[in-house]
1. Output the peptides 243-251, 341-349 sorted from most to least packed, where packing is the average of other Cβ atoms within 10 Å over each peptide's residues.
2. Let a ≥ b ≥ c be the square roots of the eigenvalues of the Cα gyration tensor of region 57-197; is it rounded (a/c under 1.5), or, if not, prolate (a/b larger than b/c) or oblate?
3. Around Gln106, what is the net charge, scoring Lys/Arg as +1 and Asp/Glu as -1 over all other residues with Cβ under 15 Å from its Cβ?
4. Could you sort 56-64, 37-45 so that the peptide with the highest average Cβ count within 10 Å comes first and the rest follow in order?
5. Express in whole angstrom the spacing between the alpha-carbon centres of region 1-63 and region 83-151.
6. I want to check a number: in the chain, how many lysine pairs have alpha carbons closer than 24 Å, given a sequence separation of 8 or more or different chains?
7. Let me know the shape class of the chain, please: from the alpha-carbon gyration tensor, a ≥ b ≥ c as square roots of the eigenvalues, rounded when a/c is under 1.5, otherwise prolate if a/b is greater than b/c, or oblate.
8. Under 10 Å, Cα contacts only: if you run a Gaussian network model on the chain, which one of Phe261, Phe181, Phe166 comes out with the highest mean-square fluctuation?
Amino acid sequence: LAKLKLNYRLTEHNCLRLPATCGAYCCVNTESDIQQALDYARDHAFDVLALGDGSNVVLGELSQTLVLDINLHGVEIVSETEHAVVLKIMAGESWHGLVEYCVRHQYYGLENLALIPGRVGAAPVQNIGAYGVEVGDFITQIDGFALGNDARNAKLTSLTADQCQFAYRDSIFKRALRDNFIITAVYLELHKQFTPQLEYQALRSYLSKNVAHNSIIDAEAVKNAVIAIRQQKLPDPQVIPNVGRFFKNPVVDEQTFQHLFAHNPNLAYTQLTVNNENIKQYKLAAGWLIEQAGLKGIEYDGLAMYERQALVLARVGQVSEHSDIAAQDVMRFARRVQRSVKQRFSVLLEIEPRCYPASLLSC
Ligand SMILES: Cc1cc2nc3c(=O)[nH]c(=O)nc-3n(C[C@H](O)[C@H](O)[C@H](O)COP(=O)(O)OP(=O)(O)OC[C@H]3O[C@@H](n4cnc5c(N)ncnc54)[C@H](O)[C@@H]3O)c2cc1C
């Protein structure tokens with residue numbers, strides 16, 4: 001396999017810039033490249049890991065892993081009507097590049113998901129979402145290689161949206177098909193008529209302050225508002241290494257919520273409706289819990305919960321190729337945050353990015 005590199009350093013391939021090394025690495029440009037790489041992995045007893053821009057991973061030592069850098073490109077129209085278009089987008093395309101492309105071509109729906117880092121192939125994995133919109137709402141089909149137990153017999157296959165089981169920051173690619181399906185293409189059905197999605201107060205108030213009173217709020221305006229809000233709040237991983245929000249917002253039951261609320265009347269939360277049942281659940285703002293636990297902006301050994309958004313674990317200070325922060329240090333810091341929040345609120349924060357190798361989770 002011509003493009004294969006052994007004992008390859010992944011520092012430039014993960015947004016925390018951790019100095020991980022993998023046993024083998026291959027940048028794959030076609031489906032046939034993937035098939036060959038899978039054969040190689042099978043012959044050399046390597047695990048396989050699909051990687052995009054590394055904006056949602058914590059990477060440790062992966063000596064028995066072949067990392068596939070998913071670099072398949074192309075966008076094509078699969079079908080089109082007066083009202084909608086279905087696009088097939090190859091997995092290596094930039095997510096934000098796709099959002100820009102769609103707004104330019106007047107294919108609507110993705111504006112609220114502007115500036116989310118990463119590639120198209122990773123978007124379905126955690127069903128990326130922002131400002132009230134999730135990518136799963138638009139997906140009609142996913143193509144990819146199902147690995148099963150035998151990488152050599154991996155076949156190119158298709159999944160319907162239903163089979164992907166999209167939920168809040170979740171999909172089948174994080175559960176039954178976890179690390180067992182290499183996405184090669186994503187199909188999205190987008191609208192030809194623009195309807196702004198403005199449930200989020202932050203978005204509404206930005207637009208009302210920044211768009212002239214009588215002007216029409218078009219897709220470009222919404223996309224630009226999302227970009228501006230994100231740039232104010234979130235650190236650019238190119239400047240301050242981070243993988244976005246590090247913890248999920250915990251969901252608690254009525255009893256836990258009432259207990260917390262009685263002691264913390266300022267608790268930041270949203271009430272969830274659980275499918276036609278009479279059960280109440282509450283999603284707590286993990287960033288608020290972290291801030292109240294006194295951890296926002298406090299540095300421990302080169303790591304901190306970001307001062308402008310406490311949910312983001314970021315590296316602080318000088319970051320160089322030779323700085324010695326490794327995945328274990330990140331996990332130890334995350335445990336410290338989890339402990340403090342647990343002590344203060346008796347709530348466990350769950351880690352959002354994917355950790356490789358899985359043993360990192362028991363650090
Ligand atoms: C500053 C910042 C802000 C962020 N904001 C948001 C946000 O608002 N909403 C949100 O949902 N996320 C957000 N994220 C998280 C991240 O951008 C998304 O999860 C993104 O989809 C990850 O893309 P990636 O290419 O970097 O994936 P990677 O980090 O490379 O991979 C993530 C996971 O997907 C798997 N994967 C990648 N490509 C494939 C493929 N082709 N086939 C199968 N599996 C694959 C990997 O194995 C891994 O498990 C943010 C991250 C950062 C750094």
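1. 243-251, 341-349
2. Prolate is the answer for region 57-197, as a/c is 1.5 or above and a/b outweighs b/c.
3. That sum, taken over residues with Cβ under 15 Å, equals -4.
4. 56-64, 37-45
5. 22 Å
6. Total qualifying Lys-Lys pairs in the chain comes to 23.
7. oblate
8. Phe261
Bear in mind that the values in this text are calculations on the coordinates, not laboratory data. Only a predicted model underlies this, so the values are computations on that prediction, with no experimental measurement involved. All Cβ positions, even for glycine, are placed from backbone atoms using ideal geometry, and neighbour counts span all protein chains on display.
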